[in-house]
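Data first, discussion second: the structure below is written as structure tokens.
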Amino acid sequence: MEPRLQQRPTRRDRRYGRGVAFGDESLHQLLDPEYFKSEIQRTFQRGEYQPPVLPDAAAEIFELVRRPDVSAKRVVHVIQRDEVLAGNVLQLARSPLFTPSGSAKLVSLNHAVVRLGLRSMRDVVAEVFLRMRVFRVPGYMALMERLRQHSVATAVLARSAGRRSPFGGDFPYLCGLFHDVGVAGMVHVLAARQPKASPELLSVLLSCVDDMHPEIGGMLMAAWGIQADVRLVVQHHHAVAVAGIDHPMAAIVCLAEHAANEAGLGFDSGGDGSPPRDRTARRERNRACATLGWTTSDLDGLIEEAQQLAESGLSDL
Ligand SMILES: [Fe+2]
Ligand SMILES: [Fe+2]
């Protein structure tokens, strides 16, 4: 599939920022998995889907943080231009996801940038965007909340896995956050046609997720202008070779996602006799371990951490 999403809408457009797509078919048709899959593909191929809008301030932060000479003051200034973003960023920066318990409370954005650093602030901004606009689909909130928790868990575990390997770099948390964003894109397209979820619709959706979400995720990342190396990881988090070469960051996210799933933090654990979705084949997981130079006990350690995370109550974060 070639990425072909719509241009940014104007604020006058009633669809502005809502990530909608249009179609015209009966519920009966949509319940046919083959039809459903081809419709999702067609919607993306023909550019009929308008993804949620990335706020200008967030896009600018992503860009700024890549520059070696950017000042904390500049980053704070950009975030403050968007009041809603700024309020949510400070609130999330104070959460245990970014501020260890026992630390002094962050009193301002300035304080947050100095304490957390620019890259963590970029991750906070990304998470606020996903919470506000992407993991929010009325009629599908139960699935979207599970997807949000799974994404946050994968991000936290990817950050930890990055610290335990020589390939951590700057992006593990960001890649973990966005890794399954393609699933959210599929839900947005479905919700524009069928605003209320039903068990039958969800079952059809989930049966198509494994084949489609990495590629759709890559398209969304391109539409938001998020840098190509993060996009590549999103596209390859279930098959870690890129052009025949194993990708260390894809391996980190692959294993983080696996650990989250093993700890019960997947967004779909299966049901009605259907297999759980969003799982990576054992052969590919072994390949990911080999890419990082990990033994079985390294992976077990990450799964143990995922179990502690599950017990800590991610729904409150
Ligand atoms: Fe996942
Ligand atoms: Fe996935």
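Taken together, the values in this text are just the output of simple stated rules run on the coordinates, not laboratory data. Please read all numbers here as calculations on a predicted model, not as lab measurements. With ideal geometry, Cβ positions are generated from the backbone for all residues, glycine too; neighbour counts draw on all protein chains shown.
Fewest to most neighbouring Cβ within 10 Å: what's the order for TYR35, TYR140, TYR49?
Numbers: TYR35 14, TYR140 23, TYR49 26.
Taking fewest neighbouring Cβ atoms as first place, the list is TYR35, TYR140, TYR49.
For the charge dipole of segment 127-213, defined by +1 on Lys and Arg C-beta atoms and -1 on Asp and Glu C-beta atoms about the Cα centroid, which residue among VAL156, MET186, LEU206 has the Cα displaced farthest towards the positive pole?
VAL156
How big is the dipole moment of the chain about its Cα centre under a simple scheme where the beta carbon of each Lys and Arg is +1, that of each Asp and Glu is -1, and everything else is neutral? Debye, nearest 20, please.
On the way: 37 positive and 37 negative charges, 243 e Å.
With only Lys, Arg, Asp and Glu charged at Cβ, the dipole is about 1160 debye.
Report the extension gain between ALA72 and GLN29 in nm, rounded to one decimal, defined as 0.36 nm multiplied by the number of residues separating them, less their alpha carbon distance.
Values: separation 43, 0.36 × 43 = 15.48 nm, distance 5.25 nm.
Fully extending the segment from ALA72 to GLN29 adds 10.2 nm.
Work through the residues other than SER71 whose Cβ is under 15 Å from its Cβ and net out their charges, Lys, Arg +1 and Asp, Glu -1. If you can, show how the numbers build up before the last one.
Details: positive: ARG66, ARG67, LYS73, ARG74, ARG119, ARG122; negative: GLU60, GLU63, ASP69.
Residues near SER71 contribute +3 overall.
Treating only the Cβ atoms of Lys and Arg (+1) and Asp and Glu (-1) as charged, compute the dipole magnitude of segment 54-134 about its Cα centre; round to the nearest 20 debye. Each step should come with its number before you reach the end.
On the way: 12 positive and 8 negative charges, 47 e Å.
The dipole of segment 54-134 has a size of about 220 debye.
With θ taken as phi - 60° and the coefficients 6.51, -1.76 and 1.60, list the Karplus ³J(HN,Hα) couplings across segment 136-145 in order, rounded to whole Hz; mark glycine and proline as x.
Working through the residues one at a time gives 9, 10, x, x, 10, 5, 5, 5, 5, 5 Hz.
Each label point is 7 Å from the Cα along the Cα-to-Cβ direction; what then is the distance between the points at ARG164 and ARG119, in nm?
So the two model labels end up 1.9 nm from each other.
Can you compute the radius of gyration and Dmax for segment 54-134, using only the Cα atoms, both in Å?
Rg, Dmax (Cα atoms, Å): 11.6, 34.
What is the spread of the Cα atoms of the chain along each of their three principal axes, largest first, in whole Å?
55, 52, 38
Divide, for segment 128-255, the radius of gyration over alpha carbons by 2.2 N^0.38 Å, where N is the residue count. List each step's numbers first, then the result.
Values: Rg = 14.6 Å, N = 128, 2.2 N^0.38 = 13.9 Å.
That ratio works out to 1.05.
Given labels modelled 7 Å from the Cα in the Cβ direction, how far is it in nm from ILE245 to GLU83?
Computed distance between label sites ILE245 and GLU83 equals 4.9 nm.
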